[in-house]
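The values are calculated or read from the model by the stated rules, or taken from the named source; none is laboratory data. Everything quoted here is computed from the prediction, not taken from an experiment. Here the Cβ is made from the backbone with ideal geometry for all residues, glycine too, and neighbour counts use every protein chain on show.
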Amino acid sequence: MPAIVDWVARLTDGKVMNRREVKSLAEVPTDRIEMMKIQTSHPGVPNLGVKVIPGSIVRVFTRRSLKMNARSGQQLDDGSVPVIEVCPDPGKPEVFVRLYLHPDGILLSNEDLNF
Amino acid sequence: MAATVDIYEYNGAGPTGTAKGGLTVRYKHADNATVDTANPLVKPSSGNFDRSYIKSLRLRCTTAAGAQASNVKAYTDGTSGFGTGITLYAKATSTSTYTQATADATGTGEGSTWMDFFGYTSGSSLSLGAGPYTLADATPFANYLETYMKLADTVTAPQNPTSSETFTFGWDEV
């Protein structure tokens, strides 16, 4: 499963935050990110740069899934797809462009995809 | 480091959780997580239905590593393989409104508050809470997925699920 290996974010006030300094991306103020550099374990996108238009919001999260076989009860493969999302209008969070780093291929979409 | 999450079944007034990894969710006429043939559902007489007790499933974080979850949901592949006459109803229930199942599901609200679980798919899922939920070790999060099984008189007895069905829980994690 691909994962985000490392990241660094530069904020609009010049402050730089990186993975070593904060526990989680949840601590990064998404409305003040000016630029992000993301290193992933996905062979198709080992390095990714995101330059954010002022006023946009960028979010990075992992879309996870846990499947349960209803017959055997067996918990199946834990799906884990890193997602980089840019939302151009903070007032319209339902409008976004996402890059899904799915292990079977990279998906660029404006839809909310589940796997 | 991603959080480690498991699916738990909750029973009793407490309620008490049981990890379901490798264990069937057995729909029956009793409130327990025991995988046995006691208190089975029975093919109803003509024109009647047999409903199970409500099963309450919930995600539980084993190790969190400071993670946060949001947009928690549940869905199926959209096609029931349980066979003719078997319906699985589902709804989300908040932790504050959880009550122990002490009798069969009544059937009230079928098609309104209780919906066919196989109507929820990856493109139209059942929300179990928007969050965000700050995850903690050995702590459940988000709402319960409540389900019950309904047998119609058209079911073929004895009935065992002949198809392997997969339920999916999804969430966004940072």
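Some points to look at:
- Against the conditions (1) within 14 Å of the chain's Cα centre (by Cα); (2) away from every other protein chain (no Cβ under 13 Å); (3) polar (S, T, N, Q), residue B:112 satisfies every one except (1).
- Among the residues of region B:11-24, the ones that are farther than 19 Å from residue B:141 by Cα and either among the hydrophobic types (A, V, I, L, M, F, W, C) or surrounded by 16 or more Cβ atoms within 10 Å (Cβ to Cβ) (or both) come to 2 in all.
- Screening residue B:66 with (1) crowded, with 18+ Cβ neighbours inside 10 Å; (2) over 15 Å from the mean Cα position of the chain (by Cα) gives one miss only, at (1).
- Restricting region B:25-35 to residues that are touching a residue at least 12 places away in the same chain (Cβ under 8 Å) and not aliphatic (A, V, I, L, M), the residue that is surrounded by the most Cβ atoms within 10 Å (Cβ to Cβ) is B:27.
- Residues located in region B:1-24, provided they are in contact (Cβ under 8 Å) with a residue 40 or more places away in the chain, within 14 Å of chain A (Cβ to nearest Cβ) and either touching a Gly at 6+ places or on another chain (Cβ under 9 Å) or among the small types (Gly, Ala, Ser) (or both): B:1, B:2, B:3, B:6, B:7, B:8, B:9, B:19
- Flag if residue B:135 is touching a strand residue (DSSP E or B) at 6+ places or on another chain (Cβ under 8 Å), over 16 Å from residue B:57 (Cα atoms), within 14 Å of chain A (Cβ to nearest Cβ) and buried (at least 20 other Cβ atoms within 10 Å of the Cβ): yes
- Of all residues making up region A:1-50, the number that are surrounded by 13 or more Cβ atoms within 10 Å (Cβ to Cβ) and farther than 30 Å from residue A:76 by Cβ: 19
- All conditions in (1) modelled with pLDDT of 90 or more; (2) closer than 19 Å to residue B:170 by Cα hold for residue B:44, with the sole exception of (2).
- Of all the numbered requirements in (1) on the phi < 0 side of the Ramachandran plot; (2) crowded, with 17+ Cβ neighbours inside 10 Å, residue B:130 misses one, and that requirement is (2).
- Qualifying residue in region A:27-47 (condition: of a type in the set (A, V, I, L, M), farther than 18 Å from residue B:172 by Cα, assigned to a loop (DSSP other than H, G, I, E, B) and within 13 Å of chain B (Cβ to nearest Cβ)): no
- Scanning region B:50-73 for residues that are assigned to a loop (DSSP other than H, G, I, E, B) and within 11 Å of chain A (Cβ to nearest Cβ) turns up B:64, B:65, B:66, B:67.
- Unique residue being at the interface with another protein chain (Cβ under 9 Å from one of its Cβ atoms) and either modelled with pLDDT of 90 or more or not in a strand (DSSP E or B) (or both) when the list is A:112, A:89: A:112
- Residue in region B:36-49 that is crowded, with 16+ Cβ neighbours inside 10 Å, out of contact with any Phe, Trp or Tyr (no Cβ under 8 Å at 6 or more places or on another chain), facing chain A (nearest Cβ under 9 Å) and not hydrophobic (A, V, I, L, M, F, W, C) present: no
- Residue check, residue A:14 in a loop (DSSP other than H, G, I, E, B) and at pLDDT 90 or above: yes
- Top-ranked residue of region A:1-60 - restricted to ones that are in contact with a Leu (Cβ under 9 Å, 6 or more places away or on another chain) and among the basic types (Lys, Arg), ranked as nearest to residue B:68 (Cα to Cα): A:59
- Enumeration of residues in region B:156-173 that are surrounded by 21 or more Cβ atoms within 10 Å (Cβ to Cβ) and either more than 7 Å from chain A (Cβ to nearest Cβ) or at pLDDT below 90 (or both): B:167
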